[in-house]
Structure formats: C-alpha cells, structure tokens
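Single-structure report; data block below.
All of the numbers you see were taken from the coordinates with simple rules; none came from a lab. From a predicted model like this one, the values you see are computed outputs, not experimental measurements. Methodologically, a virtual Cβ is constructed for each residue, glycine included, from the backbone with ideal geometry; neighbour enumeration extends over all protein chains shown.
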Amino acid sequence: MYRRTIIKGAAVALASLALTTAAHAENDTLKIGFVGVTSGPAAAWGISNVRSMETRAAWINEIGGVQIGDKTYDIEIVTFDDQKDPKRAIAGMEKMAQEGIRYVVGPNVDDGAAAVRPVAEANGIVYFPYAFPKELYSPPASNAVLGMVANYQSGPAIYKYLMESKGVKTVAFVAANESDPLSQRDGGVMAANALGMEVVSDNVTYQVDTSDFTPVITPVIRTQPDLLVLSGVSPAHAPQLIRSARELGYEGLISTETAQDATVLREGAGELANGFISVGGASTPEIASDAMVEFVDRYTKMFGEYNDESNTKVYALEYILETIRANPQAIDDVEVFKAAMDDFEAPNPFMKGNAALKYVGMTSFGQKRQVAVPLVVNVYRDGAFETLFVAEVD
Amino acid sequence: MEQILANGIYLGAQYAMIALGLTLIFALMNVLNFAHGQLYVLGGFVTYTFYGQFGLPFVVALAMSCLTLAIVGALLERYLFGPVIRRSAREESTMLLAAAIAFLLDAIILLVFGEKQRGVPKIVDGVFNWDFRVIMPYDRILICFLAILAIVAFISYMQFTKTGRALRALAQDRTAAQLMGVDTARYSMIGFALGAMLAGLVGGLLVTITGVNLGMGGPTSVKAFMMVMIGGAGVISGAIAGGIILGFMEAIGLAVLSQYGDITYLLIFISLMIFLAIRPQGLMGKPWG
C-alpha cells in the first residue's frame, strides 16, 4: 500500500515536472541588463529604472512574451547595483558581458556612464545611460543611447518659457558637489547667459549627504533671484531645498531639469512645493494613454507605490524590444541595432495621439543616439503634477 | 553673525544627540557601531509610519521610535554583539558584525519602507524672523529645544539613577564593576538599548525637519564618528562637545565660505586630521583608552 502511494506520487511529480518544463520550453529567454545605482542616497533613480523594467517585463511575459522573428521570448531583467561608483559600474558591465547580454539600461550618473564605455564597446553592448556627457553620444562613440531628455535640452526650453510667460530676468543656481549636478549647473548657467538672463549666484554647492539645507541656501536666497534652479537635484533633496528656501522667505520661482516624484514633494514640502517646475514623462492625464495608465496600475500593484520618475524610465526597455522586433538579427548583433536606429519608428504606446518611438539627437550629438521621450515640463500643485508645456527634442 | 550662531546651536544640538548613542555603546562595550546611522534612519521611518502614515500624535510616534529602537538595540546586544564579544577577543569581530548589521538594516529598510525620500507634516507652522538677521522656522527651534532637553535628561539619568551609575561603572572598568556586583550582561544590554534608543529618538525628531531616506544611514554614521573623534571616544561630554563643535564649524563654513564652493567639509576634514595628529584621544578622551 505504502509502496503504491510512493509510485503514484512519483508519477504525479514526474508528470508535473514534464508539463512545467514543456510550458517553459515554449519561450526562450531574452536577458536585458541594468547597471545603475539602487542603494544609497540616489537609490530612487536606479530603483525606478529596475522597477519599470520588471513591471514591463512581467506584463509582457504574462501576455505570452515578445515575438522576435519566428521565436517568442520571455524577458528576464538582470540587475547590478553599481552604488554610484564608476569602478563597480565597470564590474557590472563586465558581468553583463559575461552573461552574453547585448542591451543594458544605465548607468544613472555621468562618471559611471563614462567608465563603462570601453567595456561596452569592447564587448558589443548597447547601453542606455541616464547621464548627459555629449561625448558618450557623439561620434566616434556609438554604443550609448541617452535614455532621457538632457538638461541642456530641457533647461533652455524652461528658461525661455519662464522669461516669456513670467517675466523672469534673474536666476540663481545651487547644486550638489558631484559631477552630474555640477555639469548640469554649468550647462544651465551657459543656457541662461545665452538667453540674456542675469545669473546672480552660481557658486553655492552642498555635500550630497547634507541633511539641513537652511545654512546652505541662505546666501543664495539673499540674492533674491526671480528663478532658483536646483541643478541636477535628487528627489531626496528637492523637497528639503524647496522648504528651506520658502521658509527663508523666498517667493520667486523654483525649477529643476531632473524628474521628481509628487508624493515625495507632498510629504517633504507640502504646499510649499506648489509651483515647483520639473521635467517629467508621459503620465499626466492630458497625455497618458490607456497603456500608460495600465503600466502605472501594474507597477503600483507590484511594488506598492508608483514612482513618477518611471514616467520617463518606462521607455528604455520598450525602445530596446521594439527596435529588435523590427530587426530580429539585432538580438545578437548590436551593429544591426545601431544601423537600424536612423530609420526606426514605431507607435508610442504610452502617449495619446500619434506619438512615435524614434531615435533623435541629431542637433545635440550629430547622430541619432537619444530616445525620443516627450519633453514634458510639469508644475507641482497640491500633491500632483500638472503639465505646463510639452516639447520635442530633435 | 546672529544667523550663524542660531544655525550653529541648532546643528550642534542635533549632532550632539546623534553622537551620544554612538559614544555610549563604545564606552560600554568597546564596539564601533557602524550601524548607528541605520538605527537613526530606522527611528525616522518608525516616526514617519506612526505620525505621517497612521496620523497618530507626534509624541506617540516619537515614543514608538524610542521603544522600537530600544528593543532592536537590546536584541542586537543579546543575540549578536554579546555572544561575539564573549567568543572573540579580536576587536575587529564586532566591527565586522556592526558593518554587516548596517547592510542588513539597509536591506530591511528598503524592503519595508521603500527607496523614496519620506517626510511628515510640520509639527509647528511659522517662521521666526528677527528683522532678517535671524530666520529660523519654529519647528527647528522646537526640535533644538527638545534635543537640548533630551541631552540634559540623558546626562541626569546617567548621573543620578542606579542604572546610570552602573552603566558609568561599566564604562570605567568592566572587571571592577563586575567585582562590585554589577550584572554586566544585563547592563550591557540596557546600555546598548539606550544607545539605540537615542538614535531612534533623534531620527524621530529630525524626520520632521529633514525627512528620511534609505541612504542617510552611512553618512550619518560618518558624521557621528567625526564628532566622537573630536570629543574623545567613549566620553559623554566629549560627544556633546564634538557635536557642538562640528555644528558650529559647519554653520560658519557654509556662511563664510559659500562663495568659494563646497570647501567647508574639506577644511573640516583637514582640521580634524591635524587635530588628531596632535591629540589623537580627542578633546576629552584619555590617551590610555
């Protein structure tokens, strides 16, 4: 009796195993990498990348995978936390190469993106950094694709809009003492000067681990600029800087060229954050498609809470998959992928209307090495973002 | 000048609070607690949860932070630091353990509270403005006052209670205290719980001003170690002095040197190196340990 039960159990187990194996055998796996920061003060940047990719991958896998050529693939996201350290970013990119991964999202910062370039080029990896150095995207470089709108593209558009609509004449910049915010500050100062604005303060910086910004920002506020630009500000610092500035009596405009999160602003600065201008993606009700609404819903269900930074970060994986789908040989050959970028175009599933996924960057880089995400400039009001204006990068 | 003074007092009070818990644990157990910053962050998140999320009164949330961190501290001592100290004579064993706990707490905090910066509603509205010579939001003034009050209460507790006397005896000479009948295991646990509770208290207080995020732990530990090095490791008054000195150096540097960029901490680190080369035991520490 006991022996018969064991045999029956073993048969059921074997049958289950065979069925499971058969089910999994239907789809091959396509690995897409992520190398970026998912720990420390800037963790929110990389985590929003990873979670966007994992949400989208789970969604695709749930509906049967992605068809590339005559095969269907499940998507697997392979992640590596570089801790915002260029040395670790190199190690991460080497790990991706060892795993045979051809497409990587990240790194999140300038020095990490610059550090991985030789590894990516030597191993035939196309990567999508969220970093702004032009040399990464300009010839002879060809493997990096900017995953967002750069500050030197969004900054002038914001300043011009504020000059024309709000009469802004003077501007002050404050930045963290790190390569990204400092280079964004310098780019902002150049853009402001080019537009004829008067820069009244541009040398105040703060340590990235600063927890109290009142002493930092006091000298800037004394210059009473019409516009205070928080260059490259991280979502962790933005509400504190806004709050300190307002509590010191500053009544002018405050803006940044980085993406922010409405919940973080509400919790950290409350109504003091009203009127804060930042760059966002495509989830405001005016432009979000049904697919974007579903993405936000799935993300929220998977991780408990949505991050508005993912409005932009949802795009990189979509671009990778759609470009490979249009050119199946690119799955193993990044040269095919790169050759296809000039003419690639597909419907943008996350925006209403006839928006398209396409590569841009001719004006800034001399070649198409940037994803065309909408340049959505938002203004924060009472716990949510409202679209101020939408523009495109060419 | 008045603004620098006000900022210095405010920063000094909060820094002294952060350093107190760290130096207490070091004095009692000779443990360099690299996880002190993470305990501070955990305290901030507990207050955020009870005050910011559940809407309970701030005082209740603060008490929950203190209680939670005291329990966490007691458990850490009872099940991790205590056994390691008993089994290993090498000091680096506890240092490695503390570093591992820091990573563990970071991972737990990420899982439970997420990656985002968190903030809570202001506990007091309004800004004190003395003719634009001193501008200080009322909530900062209140937090500064509460921090000073907590420091005074802590010193009084250590000075005038039986537990405080036992803890001081333990810090001065563990063997002698044991020979005098002090239950060293019990008081080590109480001391560690008290040190962690202080981290939780200051985390809970400061979440109303600075908010809290996952990445604050490491930098907070670094600053706490700087204060302890300035004042002298294991000396309560030294930690307070170190905190106040660092607070004033930061306030003065940020006000006076702002036009030269972010060189305040560069100068603070250079000053600290020169100071430690001359007086390695810190202001109030003893050269023999």
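Odds and ends about this structure:
- Tilt relative to chain B, helix B:58-76 - C-alpha long axis, 0 to 90 degrees, to 10: 30
- Fully extended contour minus Cα-Cα distance, from residue B:53 to residue B:168, at 0.36 nm per residue: 37.5 nm
- Span-rule helices in chain A, defined as complete DSSP H runs reaching 15 Å or more along the axis (Cα) with Kyte mean at least -1.0: A:2-25, A:43-62, A:86-98, A:110-122, A:151-166, A:179-194, A:290-303, A:315-326
- Using R0 = 56 Å, the C-beta based FRET efficiency linking residue A:166 and residue B:175 works out to 0.20.
- For the stretch B:185-289, chymotrypsin sites (Phe, Trp or Tyr not before Pro) are listed when DSSP marks them as loop and at most 11 other Cβ atoms sit within 10 Å of their Cβ; the list is B:288.
- Fewest neighbouring Cβ atoms within 10 Å first, the residues B:188, B:93, B:156, A:52 line up as B:156, B:93, B:188, A:52.
- Under the Karplus curve 6.51 cos²θ - 1.76 cosθ + 1.60, θ = phi - 60°, whole-Hz ³J(HN,Hα) for the stretch B:86-103, x wherever Gly or Pro sits: 5, 8, 10, 7, 7, 5, 5, 4, 6, 5, 5, 4, 4, 5, 5, 5, 4, 5
- Helix-derived mean residue ellipticity, 222 nm - over chain A, DSSP H n ≥ 4, -39500 (n - 2.57), to 500: -13500 deg cm²/dmol
- Net charge dipole size for chain B [Lys, Arg +1 and Asp, Glu -1 on Cβ; Debye, nearest 20]: 720
- Helical contribution to [θ] at 222 nm, DSSP H n ≥ 4, -39,500 (n - 2.57), averaged over chain B, rounded to 500: -24000 deg cm²/dmol
- Sequence-separation-based contact order of the stretch A:152-310, relative, with Cα cut under 8 Å and 6+ spacing, percent: 20
- Chain A: antiparallel DSSP beta bridges as a percent of all, rounded to 5: 40
- In this simple spin-label model, placing a label point 7 Å from the Cα along the Cα-to-Cβ direction at both residue B:88 and residue A:290 gives a separation of 6.0 nm.
- For the stretch A:31-114, the share of DSSP beta bridges that are antiparallel, to the nearest 5, is 25%.
- Normalising the average separation of contacting C-alpha pairs (under 8 angstrom, six or more residues apart) by the number of residues puts the relative contact order of the stretch B:147-289 at 17 percent.
- Relative contact order (%) - criterion: Cα under 8 Å, at least six apart; region: chain A: 15
- Separation in nanometres of the label points that stand 7 Å from Cα toward Cβ, at residue A:340 and residue B:96: 5.0
- FRET efficiency estimate (nearest 0.05) - Cβ-Cβ, residue B:272 to residue B:75, R0 30 angstrom: 0.35
- Legend: ranking of residues B:80, B:104 from fewest to most surrounding C-beta atoms inside 10 Å; resulting order B:104, B:80.
- Exposure rule at most 12 other beta-carbon atoms within 10 Å, DSSP loop trypsin sites (Lys or Arg not before Pro): chain B longest free segment: B:134-289
- Residues B:72, B:212, arranged from fewest to most other Cβ atoms within 10 angstrom of their Cβ, appear as B:72, B:212.
- Placing dummy labels 7 Å off each Cα toward the beta-carbon, the span from residue B:260 to residue A:391 is 3.8 nm.
- In terms of distances greater than 28 angstrom between alpha carbons, the cross-link table entries A:31/A:338; A:301/B:116; A:95/A:301; A:31/A:84 yield A:95/A:301.
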